[in-house]
Every structure is written in C-alpha cells, then in structure tokens.
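*Asks:* I'd like to ask you about the structure that follows.
The values are calculated or read from the model by the stated rules, or taken from the named source; none is laboratory data. Here the structure is a predicted model, which is why all the values come from computation and not from measurement. Note: ideal-geometry Cβ built from the backbone for every residue, glycine included; neighbour counts use all protein chains shown.
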Amino acid sequence: MIKATDIKLVSPTWIVPVIPAGVVLENHTLVISRDQILALLPTPQALTEYPDAPNLQLEDHIVTPGLINAHGHAAMTLFRGYADDRELIDWLNNHIWPVEGQFVDYDFVYDGTSLAVAEMIRGGTTCAADTYFFPDAVANAFSHNHFRGQVCMPVIQFANAWAKTEDEHIHKGLQFRDDLVKNNPLLTTAFAPHSPYTVTDHGFERTLLYAEELQLPIHLHLHETLTEVQDAMRQHGQRPIARMHNLGLLSPLLQTVHMTQLEAGEITLLADNNVHVAHCPESNLKLASGFCPVGDLIKAGINVAIGTDGAASNNNLDMLEEIRTAAIVAKSVSQDATVVSAHEALAMATINGALMLGLEDKIGSLEAGKLADFIAVDLSDLSFAPIYNPISQMVYAATGRQVNHVWINGVQLLADGQFTQLDSQRVRANTRQWQSKISAFSRPI
Ligand SMILES: [Zn+2]
C-alpha cells in the first residue's frame, strides 16, 4: 500500500534512465515511494498526479542511476599513496603484503572501509563489489553507512590475520554469510578466491563446490598481467583461463577482474560461458598491467562492468573518472573512436555492474519498480558549457566532485554535496590515527 505521505518527487533538467538505452529525458520527474521508484513521468503529469508531494527541483542537474563499482578493496584506501610507481609483483610482495601483515585487523578494515564509503558516496557510487580480509568489518562499515554492496568472502592460501588456510577462509566466509549477509537487504556476497597464483586447485575446488550449491558468484582477479600468465605456463603448463576452465569455474557465476592478455579463443570461451568482466582501467594503467580488450569483449557479447580497484593502485575511487578512462582507453586500444560511447560507458558503470552482481532486477536503471538508487550531477559550472549533450558532459568532462545528491534505497545520503548521515569528522580523525601508525612502521621510498 503506497501512502501519499511517502511520495517524493525529484525534477532535474535531464534524466538518463539507462534503460531504454541512449535516452535523455527533459522536463521529467522521478517519483519515489520509500525505497522504490514508483514512476518516471513528464513533470506536468507528476505535479498533477502528486500535487502534495515534496518536489526537489534540480536545475542544470542530470539524474542517473547510482554508479556501481564492480571491483575494489575498500579498506586499502588507508594505503592510498603508500607505494606508488611500482610493478604489480614488486608492489604486492615488497610493499602491500608486508604492511597488510602488520596492520590488517577488524578495526583497520572497518575504518578503511568507512573512509572508502565516504569517498564513494561523495562521488556518486551507490553500490560496490568489495573483496578483502575481515568481510564482517566491511559489511558493518557498509551497513552502518546505508551503503549497498557485494561483500566477498576471501579465499587465499597464505595465512593472514583473518584465516590461516583456504578451508578456514571458506568456513569463516560461510559463517559471515549466515551472520551478516542473509538478513541484510543492502548486502549480497560472493566467494573471492584472490587469484590463480594465490589459490591452489584444492581451494578452487572447495570454493566451486559451495558456490554451486548455494548459487553464489565467484569474484576472481584473472589475467591481470603478462607475468601472471608466464608464471602459470611454467608452474601449471597452461594459461590461467585454461586452468580455471579445467577446474570448472567458467560460468555465469564467475566475475573476472582485469582480464588483460586475452587471446581470441579465450574471448570466445568467456562468451560461450557467459562469464562477466570487471574492467579496472586506471589500476591497469598505473600498474602497467596491460590492456583489457573491451571493444572485443563487447563485440563478443560479454558483459563488461567497471571498477576502480583499491585506492592503493588508482589512487581514488572516483567512478566518473573511471568511466571516462574506460571509454577513451577502449577507443585507443581498438583504434576505433566509435567503441564505448558515452551512453555505453554509463551503462557499463550501472546496469552492467548490476547484471554482474545478479541485481539487474533491482538496481542499475531508473525504471518503475526498481530500488531508488540514483544520483544528481551538477552541470551548472562554466566548464560544462555549452551543453549540447548532457551525457557527454557527464562522462567526458565531469568528475565525482560534481555529484551533488545521492540516494541509496530511497534514503538521501548526500544533499547539496553534504553528507546527511555519515560522520566525516570521525572518519577523518580515525584516518589520521592510521596514517601516523602506518608512517611509523615504514616510510616508503
Ligand atoms: Zn583488485
């Protein structure tokens, strides 16, 4: 039963619903009732049908679905700028893993994730796929801030502060799912075996067993670098994708991350098995990991979403910057300027992310009956003038700084650029404390 008092109207200059594709609506109003989108109507009709509802008028704003960050490690925001300008393996072995070994515990993950959530909400991200140790801390930081996400259950063969063996990771992950995910409407979960080079065949087999039984996705770094592929050839005599295929992992439940170094036959294999790809262009560029052939993947019919990866290898969580990079790098790599249009880039960061997470019926587009996750981006600044095509300005000229209003599940979390619930002073104070501890441990060169 919809009560008249629950209804709110949002009337921006432009609305891009993402579905149907390529549409920009002018003089339209989004009608919200509690956590849901009730309708998308011409503004005069909305005002006639709901004369008493509060109407937020947003001149020179474009309203779109909330952005979905398809891959990240939120807590690693505390390592932003800690070790830059290094190759992936040197970065991991000699910098990130030692400092993680020293500091990662429940509090580190909770505080780091809270910092990331603040940055993500500020920049228009309303849902994120996250994988890190202490998923219970991630889940609590997400839900305490009313943030939506897929909080993954990590699996890795190395002992760490959260679990010692692959089997213990899986066991603790399943317990986490029972305790924190099952009854939380904002959260879903997936297994996240870290990568082919950090998980054994046994770890993958056990993961797959539970994933199939529970119909849970598997989120996996795959073909991130040429070194990963060369090492796999030496160690296993096959490329990582072939090994995953032989282990039975390629399926619509598989969310692969990075996917550089792809051969034509591998792209066909991914397409045949309906595997999803989370493309992280800025992390790939910064770590010189290689290029994901996004144009070829799209041509093959593969669902490609966009992620920032962790802030330690990006170095921010700004999804508007990420979609701009995704669009322009895809054009360069394909040597075809028509590949990944502005509309397609936004779709990758919204409905494609939702599809990867199995949430395409709930979020990712502005349609009646979907959940009210949406953002308003301010295009009034002179740097966006003139506006022939607002979606072009949003994708190619704006950054997260222009996001002015954010709603998740019908709750407005950012209003006129200010947090309505999140305590940014507390996040700042906690971050300062971690900065002094981590600086005292070692000063990166
Ligand atoms: Zn990653």
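Conditions tested, residue by residue: (1) under 30 Å from residue 260 (Cα atoms); (2) of a type in the set (Gly, Ala, Ser); (3) touching an Asp or Glu at 6+ places or on another chain (Cβ under 8 Å).
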{"site": "339", "(1), (2), (3)": "yes, no, no"}
{"site": "350", "(1), (2), (3)": "yes, no, no"}
{"site": "379", "(1), (2), (3)": "no, no, yes"}
{"site": "382", "(1), (2), (3)": "no, no, no"}
{"site": "390", "(1), (2), (3)": "no, no, no"}
{"site": "404", "(1), (2), (3)": "no, no, yes"}
{"site": "423", "(1), (2), (3)": "no, no, no"}
{"site": "432", "(1), (2), (3)": "no, no, no"}
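*Asks:* If a residue counts only when it is of a type outside the set (A, V, I, L, M, F, W, C), surrounded by fewer than 17 Cβ atoms within 10 Å (Cβ to Cβ) and touching a residue at least 12 places away in the same chain (Cβ under 8 Å), which strands (runs of 3 or more DSSP E) contained entirely in region 217-318 have at least 1 such residues?
*Replies:* Those strands (runs of 3 or more DSSP E) do not exist here; none qualify.
*Asks:* Please determine whether any residue of region 154-169 is within 16 Å of the ligand (Cβ to nearest atom), in the same structural domain as residue 126 (by TED's automatic domain parsing) and surrounded by 22 or more Cβ atoms within 10 Å (Cβ to Cβ).
*Replies:* yes
*Asks:* Tell me yes or no: at least one residue of region 213-225 is farther than 19 Å from residue 353 by Cα and away from the ligand (no atom under 16 Å from the Cβ).
*Replies:* Yes, region 213-225 has at least one match.
*Asks:* When region 419-440 is examined, which residues are found to be surrounded by fewer than 11 Cβ atoms within 10 Å (Cβ to Cβ) and of a type outside the set (D, E, K, R)?
*Replies:* 425, 436, 440
*Asks:* In addition: Tell me which residues, restricted to region 331-349, are among the hydrophobic types (A, V, I, L, M, F, W, C) and touching a residue at least 40 places away in the same chain (Cβ under 8 Å).
*Replies:* 333, 339, 340, 342, 345, 346, 347, 348, 349
*Asks:* Continuing with the same structure: Sort out which residues of region 286-316 are under 18 Å from residue 85 (Cα atoms) and either in contact with a Lys or Arg (Cβ under 7 Å, 6 or more places away or on another chain) or within 14 Å of the ligand (Cβ to nearest atom) (or both), and write them in order of number.
*Replies:* The answer is 286, 287, 289, 308, 309, 310, 311, 312, 313, 314, 315.
*Asks:* Right, residue 141: over 29 Å from residue 439 (Cβ atoms) and modelled with pLDDT of 95 or more or not?
*Replies:* Against the criterion (over 29 Å from residue 439 (Cβ atoms) and modelled with pLDDT of 95 or more), residue 141 does not qualify.
*Asks:* Counting just the residues of region 380-393 that are over 12 Å from residue 13 (Cβ atoms) and of a type in the set (A, V, I, L, M, F, W, C), which one comes out nearest to the chain's Cα centre (by Cα)?
*Replies:* Residues of region 380-393 that are over 12 Å from residue 13 (Cβ atoms), as a first pass: 381-383, 385-386, 388-389, 391-392.
Now restrict to residues that are of a type in the set (A, V, I, L, M, F, W, C): 382, 385, 391.
Working: 382: 30, 385: 30, 391: 20 Å.
Looking at the filtered set, the residue picked out is 391.
*Asks:* Collect the residues in region 59-86 that are within 15 Å of the ligand (Cβ to nearest atom) and among the aromatic types (Phe, Trp, Tyr), keeping them in residue-number order.
*Replies:* Correct list: 79 only.
*Asks:* So residue 242 clears everything in (1) among the small types (Gly, Ala, Ser); (2) farther than 26 Å from residue 149 by Cβ; (3) within 16 Å of the ligand (Cβ to nearest atom) except one condition, right? Which one?
*Replies:* Condition not satisfied by residue 242: (3).
*Asks:* Which numbered condition trips up residue 324, out of (1) of a type outside the set (Gly, Ala, Ser); (2) away from the ligand (no atom under 16 Å from the Cβ); (3) closer than 22 Å to residue 245 by Cα; (4) touching a residue at least 12 places away in the same chain (Cβ under 8 Å)?
*Replies:* (3)
*Asks:* Then there is this: Which members of region 262-285 meet the condition of being within 16 Å of the ligand (Cβ to nearest atom) and of a type in the set (A, V, I, L, M)? Spell out the reasoning first.
*Replies:* The first filter runs over region 262-285 and keeps only residues within 16 Å of the ligand (Cβ to nearest atom), leaving 276-285.
The answer is 277, 278, 285.
*Asks:* Still on this model: Would you check which residues across region 382-415 are of a type outside the set (Gly, Ala, Ser), part of a loop (DSSP other than H, G, I, E, B) and in contact with a helix residue (DSSP H, G or I) (Cβ under 7 Å, 6 or more places away or on another chain) and list them?
*Replies:* 387, 399, listed by residue number.
*Asks:* Sticking with this one: Could you please find all residues in region 1-23 being assigned to a loop (DSSP other than H, G, I, E, B) and at pLDDT below 95?
*Replies:* Once the filter is applied, which keeps residues that are assigned to a loop (DSSP other than H, G, I, E, B) and at pLDDT below 95, region 1-23 yields 1, 2, 3.
*Asks:* If you scan region 104-130, which residues turn out to be within 16 Å of the ligand (Cβ to nearest atom) and more than 20 Å from residue 185 (Cα to Cα)?
*Replies:* Listed by number, the residues that qualify are 104, 109, 112, 116.
*Asks:* Considering only region 12-35, state which residues are buried (at least 21 other Cβ atoms within 10 Å of the Cβ) and free of Cβ contacts under 8 Å to residues at least 60 places away in the same chain.
*Replies:* Answer for region 12-35, where residues must be buried (at least 21 other Cβ atoms within 10 Å of the Cβ) and free of Cβ contacts under 8 Å to residues at least 60 places away in the same chain: 28, 29, 31.
*Asks:* Among the listed residues 133, 147, identify the single one that is aromatic (Phe, Trp, Tyr), in contact with a helix residue (DSSP H, G or I) (Cβ under 9 Å, 6 or more places away or on another chain), at pLDDT 95 or above and away from the ligand (no atom under 16 Å from the Cβ).
*Replies:* When all the criteria are applied, what remains is 147.
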